[in-house]
Amino acid sequence: MSRPPKTTLVFLNLPVQSSSWLMGIDFQFFNLKQVFKGIKSIPDGVHLLHYSEASTEPDTSDKQNALSSLRYGHWIECKEGFVHIFFWDEELHQLVMVEENSLDYSKGMAHLGDDYKYMVNYPGDAEEWTKLTNMIDFEIIEEYLPTKNGSGAVSTIMPSREERIALTEILNRNQTSDKTPPVKEDEEEINYTIIQHEKHREDRTGQELTDDHFDKSWYLQELYGHDNELLIAELQLAFVNFVAVGSFCSGMQWLSLAKLVSTSKSFLDRNKNFFFQFLCTFHLQLIKLPSELLVDELNLHNQLNIKIYVEVMENFSDIFDAMSGNCCGKMKLKGNLQNIWHNIVATNKKFGIDLKQLKRLVDEENFEVFNLEDYDENDEDMPVIV
């Protein structure tokens with residue numbers, strides 16, 4: 001039989017309680033109905049299928065409500081004529097993608113014609129999704145996520161490799177008896193790049209160590225110098241996993257990557273095309289980011305501390321302040337950079353942030369002036385008065 005247009009997702013063996021699930025694809029969420037057989041007409045590219053067993057309020061546009069429970073996700077590759085079939089595994093209590101040469105796949109294909117009318121059309125904004133994921137292909141998925149049967153897995157509670165290493169070290173230090181549970185080496189984890197912001201190069205003088213601390217260009221080059229676009233691809237993957245699945249470690253990686261870029265001034269001076277590409281992606285992400293996921297006081301497991309984000313914005317603001325007084329470089333590109341930065345400044349207002357008020361006060365020798373009347377008592381970097 002001829003296959004349906006674009007890509008089709010078929011679901012087999014869904015349990016009765018699935019009618020209360022909150023399922024989604026890309027950034028869209030929808031409640032399932034009693035008769036649900038799949039999703040059809042999915043555009044080409046990589047897409048993220050995600051679901052939660054917990055029922056939610058009818059308003060599925062409420063992302064805070066949607067992400068308050070455990071969610072599972074499958075990154076899939078979509079091409080013209082592809083049919084991916086998912087089967088509910090009672091033992092694993094999860095959806096799994098079945099292999100094309102399996103009995104379950106043949107069963108799904110045999111009923112595809114009858115089931116097609118009970119499938120929902122792809123509900124997302126294909127153009128928006130493409131802009132937010134244009135650097136992600138399935139090789140990127142395989143690089144960072146555990147893959148099986150042609151899909152990349154992610155969940156709300158899946159840890160990053162960095163978290164797994166840290167947990168192993170803590171357990172090893174605290175291991176006082178045979179009762180201490182070991183960390184399983186084969187457990188799934190997200191293989192994000194480990195970024196150590198306090199790292200410095202060996203055999204450096206005092207001034208060089210200071211320079212290394214304030215400008216991480218050498219470190220960005222060390223991690224991504226072989227492929228700058230890989231940084232943007234990882235930024236995009238982390239952002240989607242954070243917003244759609246509620247992966248906290250993904251949100252932290254997204255912020256960590258932004259911080260690394262924001263503290264790499266000399267690299268950005270030399271690579272303005274990359275800087276522009278990064279800011280365009282970052283701006284689109286800020287437009288999409290629900291404001292309730294960036295807060296001053298954390299209430300949910302998937303929220304980020306706005307103070308870390310503000311630090312990143314301050315760093316970028318300093319770069320653009322310096323750029324405004326520098327006439328070097330291609331004027332058209334410089335103008336494009338300034339325009340996208342102005343757009344980012346405007347977008348930040350939805351988070352209650354006025355970047356124009358975040359500018360650091362400096363004296364004639366370019367040293368930061370500490371405001372004794374307006375400061376955070378919990379700021380570890382504030383000066384000590386004796």
Of (1) surrounded by 14 or more Cβ atoms within 10 Å (Cβ to Cβ); (2) modelled with pLDDT of 95 or more; (3) closer than 26 Å to HIS50 by Cα, ASN302 satisfies all except one. Which? (2)
Scanning the range 335-349 for residues that are within 22 Å of PRO290 (Cβ to Cβ) and not β-branched (Val, Ile, Thr), which turns out most open to solvent (accessible area, probe 1.4 Å)? LYS349
Counting only helices (runs of 4 or more DSSP H) wholly inside the range 207-303, the ones holding at least 1 residues that are of a type in the set (Gly, Ala, Ser) and farther than 21 Å from ILE140 by Cβ are 217-224, 248-262, 265-270
Against the conditions (1) charged (D, E, K, R); (2) farther than 23 Å from LEU70 by Cα; (3) open to solvent by 90 Å² or more (accessible area, probe 1.4 Å), where does GLU91 fall short? Just the number, please. (2)
Being of a type outside the set (A, V, I, L, M, F, W, C), open to solvent by 50 Å² or more (accessible area, probe 1.4 Å) and over 18 Å from GLU128 (Cα atoms) is the filter here; which residues of the range 7-53 pass it? ASN13, GLN17, ASN31, LYS33, GLN34, LYS37, GLU53
Tell me the residue from LYS272, LYS265 that is open to solvent by 30 Å² or more (accessible area, probe 1.4 Å), under 21 Å from HIS197 (Cα atoms) and among the charged types (D, E, K, R), please. LYS265
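The values are calculated or read from the model by the stated rules, or taken from the named source; none is laboratory data. Keep in mind it's a predicted model, so treat the numbers as computed, not measured. Neighbour counts are summed over all protein chains in view; Cβ atoms, including those assigned to glycine, are modelled from backbone coordinates with ideal geometry. SASA here: full protein model, heavy atoms, side chains in, ligands and nucleic acids out. Shrake-Rupley method; radii C 1.70, N 1.55, O 1.52, S 1.80 Å.
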